[in-house]
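Peer 1: Can you read through this structure? Questions will come right after.
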Amino acid sequence: MTLEAQSVQSTENLPAQTNNPIPSSQPLSYRRAFMLVLKRDLTIAMRHKDDIINPLLFFVIVITLFPLGIGPEAQTLSRIAPGIIWVAALLATLLSLDRLFKSDHHDGSLEQMLLSPHPIFLLVLAKIFAHWLITGLPLILIAPLLAVLLHLDENSYGALVFTLLLGTPVLSLLGAVGVALTVGIKKGGVLLSLLVLPLYIPVLIFATSAIDTAALGLPYSGQLAIIAALFFGSLSLAPFAVGAALKVSTN
Amino acid sequence: MWKWLHPYANPEVSYHFTNKLLPWLSALAALFLGIGLVWALLFAPADYQQGHSFRIFYVHVPAASLSMGIYFAMAIAAFSSLVWQLKLADASAAAMAPVGAAFTAIALITGAAWGKPMWGTWWIWDARLTSELILLFLYLGVIALHNAFEDKNLAGKAAGILTLVGVINIPIIKYSVDWWNTLHQGSTVSKLGKPSMSLDMLWPFIICFIGFSLLVGVIICLRFRNEILARNSIRPWVRELVQQNTVK
(Lines give C-alpha, C1' and ligand atoms only; values in the text may rest on other atoms or scores of the structure.)
Protein backbone atom coordinates (compact mmCIF):
# COMPACT_ATOMS: atom_id res chain seq x y z
CA MET A 1 0.00 0.00 0.00
CA THR A 2 2.73 2.45 0.97
CA LEU A 3 4.48 1.64 -2.23
CA GLU A 4 1.45 2.59 -4.27
CA ALA A 5 1.26 5.85 -2.45
CA GLN A 6 4.94 6.48 -3.05
CA SER A 7 4.82 5.73 -6.72
CA VAL A 8 1.71 7.80 -7.27
CA GLN A 9 3.29 10.59 -5.33
CA SER A 10 6.49 10.39 -7.24
CA THR A 11 4.58 10.56 -10.52
CA GLU A 12 3.04 13.76 -9.34
CA ASN A 13 6.20 15.26 -7.93
CA LEU A 14 8.63 14.47 -10.65
CA PRO A 15 7.50 16.92 -13.31
CA ALA A 16 7.54 19.70 -10.76
CA GLN A 17 11.14 18.86 -9.88
CA THR A 18 12.46 18.41 -13.35
CA ASN A 19 10.57 21.01 -15.31
CA ASN A 20 10.22 23.89 -12.91
CA PRO A 21 9.36 26.56 -15.47
CA ILE A 22 6.39 24.60 -16.85
CA PRO A 23 4.39 23.37 -13.89
CA SER A 24 2.14 20.32 -14.21
CA SER A 25 1.08 21.00 -17.80
CA GLN A 26 4.18 19.19 -19.01
CA PRO A 27 3.70 15.48 -18.33
CA LEU A 28 6.45 12.99 -17.75
CA SER A 29 8.43 11.98 -20.76
CA TYR A 30 7.35 8.66 -22.24
CA ARG A 31 10.54 6.90 -21.32
CA ARG A 32 10.32 8.15 -17.76
CA ALA A 33 6.75 6.98 -17.35
CA PHE A 34 7.64 3.59 -18.80
CA MET A 35 10.61 3.16 -16.49
CA LEU A 36 8.61 4.27 -13.48
CA VAL A 37 5.88 1.69 -14.00
CA LEU A 38 8.45 -0.99 -14.78
CA LYS A 39 10.44 -0.24 -11.65
CA ARG A 40 7.34 -0.17 -9.51
CA ASP A 41 6.14 -3.54 -10.77
CA LEU A 42 9.55 -5.11 -10.35
CA THR A 43 9.82 -3.76 -6.80
CA ILE A 44 6.42 -5.17 -5.91
CA ALA A 45 7.39 -8.51 -7.42
CA MET A 46 10.63 -8.56 -5.45
CA ARG A 47 8.66 -8.11 -2.26
CA HIS A 48 6.37 -11.02 -3.09
CA LYS A 49 8.91 -13.59 -4.15
CA ASP A 50 6.31 -16.35 -3.98
CA ASP A 51 4.72 -14.95 -7.10
CA ILE A 52 7.95 -15.48 -9.00
CA ILE A 53 8.85 -18.85 -7.54
CA ASN A 54 5.48 -20.59 -7.57
CA PRO A 55 4.85 -20.60 -11.35
CA LEU A 56 8.42 -21.78 -11.77
CA LEU A 57 7.86 -24.62 -9.32
CA PHE A 58 4.67 -25.48 -11.15
CA PHE A 59 6.62 -25.61 -14.41
CA VAL A 60 9.19 -27.98 -12.89
CA ILE A 61 6.59 -30.22 -11.24
CA VAL A 62 4.45 -30.55 -14.37
CA ILE A 63 7.50 -31.55 -16.34
CA THR A 64 8.55 -34.17 -13.77
CA LEU A 65 5.04 -35.62 -13.87
CA PHE A 66 5.30 -36.54 -17.54
CA PRO A 67 8.10 -39.12 -17.27
CA LEU A 68 6.24 -40.62 -14.34
CA GLY A 69 3.09 -40.90 -16.38
CA ILE A 70 4.60 -41.98 -19.68
CA GLY A 71 7.58 -44.03 -18.63
CA PRO A 72 11.29 -43.37 -18.36
CA GLU A 73 12.41 -44.51 -21.85
CA ALA A 74 14.80 -41.90 -23.13
CA GLN A 75 13.64 -42.28 -26.71
CA THR A 76 9.98 -41.54 -26.01
CA LEU A 77 10.87 -38.68 -23.74
CA SER A 78 13.17 -36.98 -26.18
CA ARG A 79 10.47 -37.30 -28.85
CA ILE A 80 7.85 -35.52 -26.76
CA ALA A 81 10.16 -33.19 -24.81
CA PRO A 82 9.57 -30.04 -26.93
CA GLY A 83 5.82 -30.36 -26.65
CA ILE A 84 5.91 -31.02 -22.92
CA ILE A 85 8.24 -28.13 -22.16
CA TRP A 86 6.19 -25.73 -24.25
CA VAL A 87 2.80 -26.83 -22.93
CA ALA A 88 4.15 -26.57 -19.37
CA ALA A 89 5.47 -23.10 -20.20
CA LEU A 90 2.03 -22.07 -21.50
CA LEU A 91 0.36 -23.30 -18.34
CA ALA A 92 2.94 -21.71 -16.05
CA THR A 93 2.51 -18.37 -17.83
CA LEU A 94 -1.24 -18.74 -17.53
CA LEU A 95 -0.97 -19.26 -13.77
CA SER A 96 1.18 -16.21 -13.29
CA LEU A 97 -0.94 -13.96 -15.52
CA ASP A 98 -3.48 -13.38 -12.81
CA ARG A 99 -1.22 -11.11 -10.82
CA LEU A 100 -0.59 -8.82 -13.79
CA PHE A 101 -3.50 -6.48 -13.07
CA LYS A 102 -5.42 -8.05 -10.19
CA SER A 103 -3.75 -6.46 -7.18
CA ASP A 104 -3.58 -3.11 -8.93
CA HIS A 105 -7.25 -3.40 -9.68
CA HIS A 106 -8.04 -4.19 -6.04
CA ASP A 107 -6.19 -1.24 -4.54
CA GLY A 108 -7.30 1.20 -7.22
CA SER A 109 -3.89 2.04 -8.65
CA LEU A 110 -4.97 0.62 -11.99
CA GLU A 111 -7.68 3.23 -12.27
CA GLN A 112 -5.20 5.95 -11.39
CA MET A 113 -2.95 4.69 -14.15
CA LEU A 114 -5.77 4.83 -16.66
CA LEU A 115 -6.60 8.36 -15.54
CA SER A 116 -3.01 9.55 -15.86
CA PRO A 117 -2.16 11.70 -18.88
CA HIS A 118 0.23 9.12 -20.32
CA PRO A 119 -0.87 6.87 -23.15
CA ILE A 120 -2.27 3.62 -21.80
CA PHE A 121 -0.33 1.80 -24.49
CA LEU A 122 2.93 2.74 -22.78
CA LEU A 123 1.91 1.92 -19.23
CA VAL A 124 0.43 -1.39 -20.27
CA LEU A 125 3.56 -2.23 -22.21
CA ALA A 126 5.69 -1.47 -19.15
CA LYS A 127 3.53 -3.72 -16.99
CA ILE A 128 3.68 -6.54 -19.52
CA PHE A 129 7.43 -6.18 -19.84
CA ALA A 130 7.77 -6.36 -16.07
CA HIS A 131 5.58 -9.45 -16.07
CA TRP A 132 7.76 -11.08 -18.67
CA LEU A 133 10.93 -10.26 -16.74
CA ILE A 134 9.42 -11.84 -13.65
CA THR A 135 7.91 -14.97 -15.17
CA GLY A 136 9.21 -15.47 -18.70
CA LEU A 137 12.88 -14.96 -18.06
CA PRO A 138 13.22 -17.44 -15.15
CA LEU A 139 11.38 -19.95 -17.31
CA ILE A 140 13.94 -19.54 -20.06
CA LEU A 141 16.79 -19.89 -17.59
CA ILE A 142 15.48 -23.10 -16.09
CA ALA A 143 14.24 -24.71 -19.32
CA PRO A 144 17.62 -26.15 -20.46
CA LEU A 145 17.93 -27.90 -17.11
CA LEU A 146 14.54 -29.53 -17.58
CA ALA A 147 15.47 -30.38 -21.15
CA VAL A 148 18.30 -32.47 -19.70
CA LEU A 149 15.80 -34.34 -17.55
CA LEU A 150 13.72 -35.08 -20.62
CA HIS A 151 16.71 -36.17 -22.75
CA LEU A 152 16.10 -33.48 -25.32
CA ASP A 153 18.28 -33.85 -28.38
CA GLU A 154 21.53 -31.94 -27.98
CA ASN A 155 21.08 -30.03 -31.22
CA SER A 156 17.81 -28.60 -29.97
CA TYR A 157 19.05 -26.64 -26.96
CA GLY A 158 19.67 -23.50 -28.97
CA ALA A 159 16.27 -23.76 -30.63
CA LEU A 160 14.60 -24.29 -27.26
CA VAL A 161 16.14 -21.17 -25.77
CA PHE A 162 15.52 -19.05 -28.87
CA THR A 163 11.89 -20.09 -29.22
CA LEU A 164 11.29 -19.43 -25.53
CA LEU A 165 13.05 -16.10 -25.81
CA LEU A 166 10.81 -15.00 -28.69
CA GLY A 167 7.71 -16.92 -27.67
CA THR A 168 7.24 -16.15 -23.98
CA PRO A 169 6.81 -12.40 -24.63
CA VAL A 170 3.98 -13.32 -27.02
CA LEU A 171 2.42 -15.36 -24.24
CA SER A 172 2.64 -12.42 -21.85
CA LEU A 173 1.23 -9.99 -24.42
CA LEU A 174 -1.71 -12.14 -25.51
CA GLY A 175 -2.35 -13.22 -21.95
CA ALA A 176 -2.52 -9.60 -20.85
CA VAL A 177 -5.55 -9.14 -23.11
CA GLY A 178 -7.31 -12.02 -21.38
CA VAL A 179 -6.41 -10.76 -17.91
CA ALA A 180 -7.54 -7.26 -18.75
CA LEU A 181 -10.91 -8.64 -19.83
CA THR A 182 -11.39 -10.79 -16.73
CA VAL A 183 -9.86 -8.54 -14.07
CA GLY A 184 -13.22 -7.21 -12.96
CA ILE A 185 -14.77 -10.66 -12.63
CA LYS A 186 -14.62 -12.46 -9.31
CA LYS A 187 -13.93 -15.96 -10.60
CA GLY A 188 -11.85 -15.00 -13.57
CA GLY A 189 -9.20 -17.71 -13.22
CA VAL A 190 -10.77 -20.59 -15.12
CA LEU A 191 -12.36 -18.24 -17.61
CA LEU A 192 -8.95 -16.77 -18.34
CA SER A 193 -7.59 -20.11 -19.50
CA LEU A 194 -10.58 -20.59 -21.79
CA LEU A 195 -10.01 -17.19 -23.37
CA VAL A 196 -6.26 -17.27 -23.70
CA LEU A 197 -5.21 -20.84 -24.48
CA PRO A 198 -6.73 -20.97 -28.01
CA LEU A 199 -4.77 -17.83 -28.84
CA TYR A 200 -1.54 -19.54 -27.77
CA ILE A 201 -1.85 -22.31 -30.33
CA PRO A 202 0.21 -20.73 -33.16
CA VAL A 203 3.14 -20.06 -30.83
CA LEU A 204 3.00 -23.63 -29.58
CA ILE A 205 2.91 -25.06 -33.09
CA PHE A 206 5.82 -23.08 -34.47
CA ALA A 207 7.98 -23.33 -31.36
CA THR A 208 7.73 -27.09 -31.04
CA SER A 209 8.27 -27.49 -34.76
CA ALA A 210 11.41 -25.35 -34.58
CA ILE A 211 12.77 -27.55 -31.79
CA ASP A 212 11.89 -30.72 -33.69
CA THR A 213 13.54 -29.40 -36.83
CA ALA A 214 16.64 -28.48 -34.88
CA ALA A 215 16.82 -32.02 -33.50
CA LEU A 216 17.13 -33.27 -37.09
CA GLY A 217 19.98 -30.85 -37.66
CA LEU A 218 18.02 -28.77 -40.15
CA PRO A 219 17.84 -24.98 -40.16
CA TYR A 220 14.91 -23.65 -38.12
CA SER A 221 15.21 -19.97 -38.94
CA GLY A 222 11.85 -20.04 -40.78
CA GLN A 223 9.91 -21.01 -37.68
CA LEU A 224 11.87 -18.50 -35.61
CA ALA A 225 11.01 -15.79 -38.13
CA ILE A 226 7.32 -16.61 -37.83
CA ILE A 227 7.48 -16.54 -34.03
CA ALA A 228 9.28 -13.20 -34.30
CA ALA A 229 6.48 -11.98 -36.58
CA LEU A 230 3.92 -13.11 -34.00
CA PHE A 231 5.94 -11.28 -31.37
CA PHE A 232 6.05 -7.99 -33.25
CA GLY A 233 2.44 -8.30 -34.29
CA SER A 234 1.26 -8.82 -30.74
CA LEU A 235 3.68 -6.19 -29.46
CA SER A 236 2.08 -3.58 -31.67
CA LEU A 237 -1.56 -4.65 -31.35
CA ALA A 238 -2.03 -6.30 -27.94
CA PRO A 239 -1.45 -3.18 -25.78
CA PHE A 240 -4.30 -1.42 -27.61
CA ALA A 241 -6.63 -4.31 -26.89
CA VAL A 242 -5.42 -4.41 -23.28
CA GLY A 243 -6.07 -0.69 -22.91
CA ALA A 244 -9.60 -0.98 -24.30
CA ALA A 245 -10.28 -4.04 -22.15
CA LEU A 246 -9.03 -2.33 -19.00
CA LYS A 247 -11.31 0.60 -19.67
CA VAL A 248 -14.24 -1.80 -19.90
CA SER A 249 -13.19 -3.73 -16.80
CA THR A 250 -12.66 -0.70 -14.59
CA ASN A 251 -15.75 0.89 -16.10
CA MET B 1 -27.38 5.30 -46.34
CA TRP B 2 -26.68 6.55 -42.81
CA LYS B 3 -29.96 8.40 -42.74
CA TRP B 4 -31.71 5.23 -43.74
CA LEU B 5 -29.89 3.21 -41.10
CA HIS B 6 -30.24 5.66 -38.24
CA PRO B 7 -33.76 4.79 -37.07
CA TYR B 8 -32.68 1.20 -36.46
CA ALA B 9 -30.41 2.28 -33.62
CA ASN B 10 -33.65 2.68 -31.69
CA PRO B 11 -34.51 -0.65 -30.02
CA GLU B 12 -38.22 -0.24 -30.58
CA VAL B 13 -37.88 0.38 -34.29
CA SER B 14 -35.54 -2.56 -34.81
CA TYR B 15 -37.79 -4.79 -32.72
CA HIS B 16 -40.70 -4.11 -35.02
CA PHE B 17 -38.46 -4.44 -38.05
CA THR B 18 -37.32 -7.93 -36.98
CA ASN B 19 -40.96 -8.75 -36.30
CA LYS B 20 -41.83 -7.89 -39.88
CA LEU B 21 -38.79 -9.65 -41.23
CA LEU B 22 -39.31 -12.91 -39.39
CA PRO B 23 -42.28 -14.43 -41.26
CA TRP B 24 -40.61 -13.78 -44.63
CA LEU B 25 -37.31 -15.19 -43.53
CA SER B 26 -38.83 -18.27 -41.95
CA ALA B 27 -41.05 -18.97 -44.97
CA LEU B 28 -38.08 -18.68 -47.32
CA ALA B 29 -35.90 -20.79 -45.04
CA ALA B 30 -38.55 -23.50 -44.87
CA LEU B 31 -38.96 -23.41 -48.65
CA PHE B 32 -35.26 -23.59 -49.47
CA LEU B 33 -34.45 -26.15 -46.81
CA GLY B 34 -37.45 -28.24 -47.80
CA ILE B 35 -36.49 -28.34 -51.46
CA GLY B 36 -32.76 -28.49 -50.89
CA LEU B 37 -32.69 -31.24 -48.28
CA VAL B 38 -35.17 -33.47 -50.08
CA TRP B 39 -33.31 -33.04 -53.34
CA ALA B 40 -29.93 -33.51 -51.73
CA LEU B 41 -30.77 -36.45 -49.52
CA LEU B 42 -33.11 -38.37 -51.83
CA PHE B 43 -32.59 -37.44 -55.46
CA ALA B 44 -29.06 -36.17 -55.94
CA PRO B 45 -26.74 -38.85 -57.35
CA ALA B 46 -24.55 -40.70 -54.89
CA ASP B 47 -20.84 -40.16 -55.06
CA TYR B 48 -19.10 -42.86 -57.08
CA GLN B 49 -16.43 -43.34 -54.43
CA GLN B 50 -18.11 -42.53 -51.15
CA GLY B 51 -21.60 -43.70 -51.97
CA HIS B 52 -24.42 -42.39 -49.86
CA SER B 53 -22.27 -41.35 -46.91
CA PHE B 54 -21.29 -38.43 -49.09
CA ARG B 55 -24.72 -36.88 -48.57
CA ILE B 56 -23.74 -35.54 -45.15
CA PHE B 57 -21.70 -33.07 -47.13
CA TYR B 58 -24.91 -31.12 -47.82
CA VAL B 59 -25.19 -30.38 -44.10
CA HIS B 60 -21.55 -30.38 -43.14
CA VAL B 61 -20.19 -27.82 -45.58
CA PRO B 62 -22.91 -25.17 -45.07
CA ALA B 63 -22.55 -25.58 -41.28
CA ALA B 64 -18.78 -25.23 -41.48
CA SER B 65 -18.75 -22.15 -43.66
CA LEU B 66 -21.60 -20.55 -41.72
CA SER B 67 -19.72 -21.13 -38.47
CA MET B 68 -16.89 -19.03 -39.86
CA GLY B 69 -19.28 -16.51 -41.38
CA ILE B 70 -21.14 -15.96 -38.13
CA TYR B 71 -17.87 -15.26 -36.34
CA PHE B 72 -17.01 -12.60 -38.90
CA ALA B 73 -20.51 -11.14 -38.60
CA MET B 74 -19.99 -11.03 -34.84
CA ALA B 75 -16.69 -9.27 -35.34
CA ILE B 76 -18.34 -6.67 -37.56
CA ALA B 77 -21.05 -6.13 -34.94
CA ALA B 78 -18.42 -5.88 -32.21
CA PHE B 79 -16.42 -3.40 -34.23
CA SER B 80 -19.40 -1.16 -34.91
CA SER B 81 -20.40 -1.36 -31.28
CA LEU B 82 -16.93 -0.28 -30.14
CA VAL B 83 -16.55 2.46 -32.72
CA TRP B 84 -20.05 3.93 -32.87
CA GLN B 85 -21.18 2.85 -29.40
CA LEU B 86 -24.24 1.07 -30.76
CA LYS B 87 -25.82 -0.92 -27.98
CA LEU B 88 -27.92 -2.90 -30.42
CA ALA B 89 -24.77 -4.12 -32.15
CA ASP B 90 -23.79 -5.69 -28.83
CA ALA B 91 -27.19 -7.28 -28.62
CA SER B 92 -26.83 -8.74 -32.09
CA ALA B 93 -23.35 -10.08 -31.31
CA ALA B 94 -24.76 -11.67 -28.16
CA ALA B 95 -27.56 -13.15 -30.24
CA MET B 96 -25.12 -14.60 -32.77
CA ALA B 97 -22.54 -16.22 -30.50
CA PRO B 98 -24.52 -19.30 -29.37
CA VAL B 99 -25.84 -19.85 -32.91
CA GLY B 100 -22.30 -19.80 -34.23
CA ALA B 101 -21.17 -22.19 -31.53
CA ALA B 102 -24.04 -24.53 -32.36
CA PHE B 103 -23.16 -24.52 -36.06
CA THR B 104 -19.51 -25.15 -35.25
CA ALA B 105 -20.59 -28.11 -33.16
CA ILE B 106 -22.80 -29.36 -36.01
CA ALA B 107 -19.90 -29.06 -38.41
CA LEU B 108 -17.66 -31.00 -36.02
CA ILE B 109 -20.18 -33.75 -35.37
CA THR B 110 -21.11 -34.20 -39.02
CA GLY B 111 -17.41 -34.08 -39.85
CA ALA B 112 -16.77 -36.90 -37.40
CA ALA B 113 -19.73 -38.87 -38.75
CA TRP B 114 -18.35 -38.42 -42.25
CA GLY B 115 -14.89 -39.39 -41.12
CA LYS B 116 -16.02 -42.76 -39.80
CA PRO B 117 -16.83 -44.36 -43.19
CA MET B 118 -14.19 -42.35 -45.06
CA TRP B 119 -11.14 -42.60 -42.86
CA GLY B 120 -12.30 -45.43 -40.62
CA THR B 121 -12.09 -43.34 -37.48
CA TRP B 122 -14.29 -40.80 -35.77
CA TRP B 123 -11.64 -38.24 -35.23
CA ILE B 124 -8.58 -37.40 -37.23
CA TRP B 125 -6.31 -34.46 -36.59
CA ASP B 126 -7.10 -33.05 -39.96
CA ALA B 127 -6.27 -29.37 -40.40
CA ARG B 128 -9.83 -28.29 -41.11
CA LEU B 129 -11.33 -30.30 -38.27
CA THR B 130 -8.71 -29.00 -35.87
CA SER B 131 -9.24 -25.37 -36.77
CA GLU B 132 -12.99 -25.92 -36.48
CA LEU B 133 -12.43 -27.27 -32.98
CA ILE B 134 -10.36 -24.23 -32.07
CA LEU B 135 -13.08 -22.00 -33.50
CA LEU B 136 -15.52 -23.75 -31.15
CA PHE B 137 -13.20 -22.90 -28.24
CA LEU B 138 -13.14 -19.27 -29.34
CA TYR B 139 -16.93 -19.19 -29.48
CA LEU B 140 -17.20 -20.78 -26.05
CA GLY B 141 -14.73 -18.24 -24.70
CA VAL B 142 -16.83 -15.36 -26.01
CA ILE B 143 -20.02 -16.87 -24.57
CA ALA B 144 -18.38 -17.59 -21.22
CA LEU B 145 -17.02 -14.07 -20.99
CA HIS B 146 -20.42 -12.71 -21.87
CA ASN B 147 -22.05 -14.72 -19.11
CA ALA B 148 -19.42 -13.80 -16.54
CA PHE B 149 -20.43 -10.14 -16.40
CA GLU B 150 -23.50 -9.09 -14.49
CA ASP B 151 -23.89 -5.86 -16.41
CA LYS B 152 -24.93 -6.68 -19.97
CA ASN B 153 -23.45 -3.49 -21.41
CA LEU B 154 -20.03 -4.27 -19.99
CA ALA B 155 -20.41 -7.88 -21.06
CA GLY B 156 -21.09 -6.81 -24.62
CA LYS B 157 -18.06 -4.56 -24.74
CA ALA B 158 -15.72 -7.12 -23.20
CA ALA B 159 -16.99 -9.89 -25.46
CA GLY B 160 -16.62 -7.50 -28.40
CA ILE B 161 -12.95 -6.90 -27.67
CA LEU B 162 -12.38 -10.63 -27.36
CA THR B 163 -14.21 -11.21 -30.64
CA LEU B 164 -11.98 -8.71 -32.40
CA VAL B 165 -8.83 -10.26 -30.92
CA GLY B 166 -10.16 -13.61 -32.05
CA VAL B 167 -10.90 -12.45 -35.56
CA ILE B 168 -7.32 -11.24 -35.96
CA ASN B 169 -6.11 -14.57 -34.65
CA ILE B 170 -8.37 -16.84 -36.68
CA PRO B 171 -6.37 -16.57 -39.93
CA ILE B 172 -3.12 -17.00 -38.01
CA ILE B 173 -4.45 -20.06 -36.20
CA LYS B 174 -5.88 -21.43 -39.42
CA TYR B 175 -2.61 -21.14 -41.32
CA SER B 176 -0.52 -22.44 -38.46
CA VAL B 177 -2.79 -25.45 -38.10
CA ASP B 178 -2.69 -26.08 -41.86
CA TRP B 179 1.06 -25.88 -41.77
CA TRP B 180 1.30 -28.09 -38.69
CA ASN B 181 -0.91 -30.64 -40.40
CA THR B 182 1.12 -30.86 -43.58
CA LEU B 183 4.24 -31.21 -41.45
CA HIS B 184 3.05 -33.98 -39.19
CA GLN B 185 1.16 -36.21 -41.56
CA GLY B 186 1.31 -36.64 -45.26
CA SER B 187 -1.62 -35.97 -47.53
CA THR B 188 -3.60 -38.94 -46.26
CA VAL B 189 -6.81 -37.00 -46.60
CA SER B 190 -7.99 -36.67 -50.13
CA LYS B 191 -9.32 -33.24 -50.78
CA LEU B 192 -12.80 -32.88 -52.14
CA GLY B 193 -12.41 -30.59 -55.07
CA LYS B 194 -15.39 -28.30 -55.19
CA PRO B 195 -15.04 -27.11 -58.78
CA SER B 196 -15.05 -30.70 -59.99
CA MET B 197 -18.46 -31.28 -58.48
CA SER B 198 -21.08 -32.14 -61.04
CA LEU B 199 -24.08 -29.89 -61.57
CA ASP B 200 -26.51 -32.51 -60.21
CA MET B 201 -24.74 -32.17 -56.91
CA LEU B 202 -23.97 -28.48 -57.09
CA TRP B 203 -27.57 -27.27 -57.40
CA PRO B 204 -28.96 -29.02 -54.32
CA PHE B 205 -25.85 -27.90 -52.49
CA ILE B 206 -26.45 -24.26 -53.37
CA ILE B 207 -30.10 -24.51 -52.36
CA CYS B 208 -29.17 -26.20 -49.08
CA PHE B 209 -26.57 -23.54 -48.44
CA ILE B 210 -29.06 -20.71 -48.99
CA GLY B 211 -31.59 -22.56 -46.84
CA PHE B 212 -29.17 -22.94 -43.95
CA SER B 213 -28.12 -19.29 -44.23
CA LEU B 214 -31.76 -18.26 -44.03
CA LEU B 215 -32.25 -20.57 -41.07
CA VAL B 216 -29.36 -18.85 -39.32
CA GLY B 217 -31.01 -15.54 -40.13
CA VAL B 218 -34.27 -16.70 -38.57
CA ILE B 219 -32.65 -17.99 -35.39
CA ILE B 220 -30.56 -14.85 -35.02
CA CYS B 221 -33.63 -12.66 -35.54
CA LEU B 222 -35.52 -14.59 -32.85
CA ARG B 223 -32.62 -14.34 -30.42
CA PHE B 224 -32.02 -10.69 -31.30
CA ARG B 225 -35.65 -9.89 -30.54
CA ASN B 226 -35.35 -11.55 -27.14
CA GLU B 227 -32.12 -9.71 -26.43
CA ILE B 228 -33.79 -6.39 -27.21
CA LEU B 229 -36.71 -7.18 -24.93
CA ALA B 230 -34.45 -8.40 -22.13
CA ARG B 231 -32.26 -5.33 -22.29
CA ASN B 232 -35.12 -2.85 -22.50
CA SER B 233 -37.45 -4.51 -20.03
CA ILE B 234 -37.86 -1.27 -18.07
CA ARG B 235 -38.93 0.77 -21.09
CA PRO B 236 -42.59 1.69 -21.42
CA TRP B 237 -42.99 0.27 -24.94
CA VAL B 238 -41.89 -3.17 -23.75
CA ARG B 239 -44.36 -3.05 -20.89
CA GLU B 240 -47.14 -2.07 -23.25
CA LEU B 241 -46.20 -4.93 -25.52
CA VAL B 242 -46.28 -7.39 -22.64
CA GLN B 243 -49.63 -6.09 -21.49
CA GLN B 244 -51.10 -6.33 -24.97
CA ASN B 245 -49.96 -9.91 -25.27
CA THR B 246 -51.20 -10.95 -21.86
CA VAL B 247 -54.64 -9.40 -22.46
CA LYS B 248 -55.08 -11.50 -25.57
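Peer 1: Can you tell me which of A:PHE206, A:PHE162 is within 25 Å of B:ASN181 (Cβ to Cβ), more than 14 Å from chain B (Cβ to nearest Cβ) and in a helix (DSSP H, G or I)?
Peer 2: On the way: A:PHE206 fails: more than 14 Å from chain B (Cβ to nearest Cβ).
Going through A:PHE206, A:PHE162 in turn, the sole match is A:PHE162.
Peer 1: Of the residues B:LEU135, B:LEU154, which is closer than 19 Å to A:ASN251 by Cα, within 9 Å of another protein chain (Cβ to nearest Cβ) and either over 16 Å from the mean Cα position of the chain (by Cα) or touching a residue at least 24 places away in the same chain (Cβ under 8 Å) (or both)?
Peer 2: Numbers: B:LEU135 fails: closer than 19 Å to A:ASN251 by Cα.
Among B:LEU135, B:LEU154, only B:LEU154 is closer than 19 Å to A:ASN251 by Cα, within 9 Å of another protein chain (Cβ to nearest Cβ) and either over 16 Å from the mean Cα position of the chain (by Cα) or touching a residue at least 24 places away in the same chain (Cβ under 8 Å) (or both).
Peer 1: Would you confirm whether any residue within region A:209-221 is under 22 Å from the mean Cα position of the chain (by Cα), assigned to a helix (DSSP H, G or I), more than 8 Å from chain B (Cβ to nearest Cβ) and among the polar types (S, T, N, Q)?
Peer 2: no
Peer 1: Here are some residues: A:ALA147, A:ALA180. Which one is buried (at least 24 other Cβ atoms within 10 Å of the Cβ) and either touching a Ser or Thr at 6+ places or on another chain (Cβ under 9 Å) or among the hydroxyl-bearing types (Ser, Thr, Tyr) (or both)?
Peer 2: Working: A:ALA147 fails: buried (at least 24 other Cβ atoms within 10 Å of the Cβ).
Answer to the selection: A:ALA180.
Peer 1: Quick check on my filter: what residues within region B:71-87 are surrounded by 22 or more Cβ atoms within 10 Å (Cβ to Cβ) and aliphatic (A, V, I, L, M)?
Peer 2: B:MET74, B:ALA77, B:ALA78 - these are the residues of region B:71-87 that are surrounded by 22 or more Cβ atoms within 10 Å (Cβ to Cβ) and aliphatic (A, V, I, L, M).
Peer 1: In region A:119-129, what count of residues is obtained for those that are of a type outside the set (Val, Ile, Thr) and buried (at least 21 other Cβ atoms within 10 Å of the Cβ)? Explain how you work it out, then say what you get.
Peer 2: Step one: list which residues in region A:119-129 are of a type outside the set (Val, Ile, Thr), which gives A:119, A:121-123, A:125-127, A:129.
Restricting the remaining residues to those that are buried (at least 21 other Cβ atoms within 10 Å of the Cβ) gives A:123, A:125-127.
Result for region A:119-129: 4.
Peer 1: With the condition kept exactly as written, say whether any residue in region B:69-87 is modelled with pLDDT of 85 or more, charged (D, E, K, R) and on the phi < 0 side of the Ramachandran plot.
Peer 2: No - not one qualifying residue is present in region B:69-87.
Peer 1: Tell me, yes or no, whether region B:97-110 has at least one residue that is touching a Phe, Trp or Tyr at 6+ places or on another chain (Cβ under 6 Å), surrounded by fewer than 17 Cβ atoms within 10 Å (Cβ to Cβ), more than 13 Å from chain A (Cβ to nearest Cβ) and of a type outside the set (Asp, Glu).
Peer 2: Taking every residue of region B:97-110 in turn, none turns out to be touching a Phe, Trp or Tyr at 6+ places or on another chain (Cβ under 6 Å), surrounded by fewer than 17 Cβ atoms within 10 Å (Cβ to Cβ), more than 13 Å from chain A (Cβ to nearest Cβ) and of a type outside the set (Asp, Glu).
Peer 1: Scan region A:39-51 residue by residue and report those that are surrounded by fewer than 17 Cβ atoms within 10 Å (Cβ to Cβ) and in a helix (DSSP H, G or I).
Peer 2: If the condition is that a residue be surrounded by fewer than 17 Cβ atoms within 10 Å (Cβ to Cβ) and in a helix (DSSP H, G or I), then A:LYS39, A:LEU42, A:THR43, A:MET46, A:ARG47, A:LYS49, A:ASP50 are the ones that fit.
The values are calculated or read from the model by the stated rules, or taken from the named source; none is laboratory data. Model, not experiment: these values are computed from the prediction. So basically every Cβ, Gly included, is an ideal-geometry build from the backbone, and we count neighbours across all protein chains shown.
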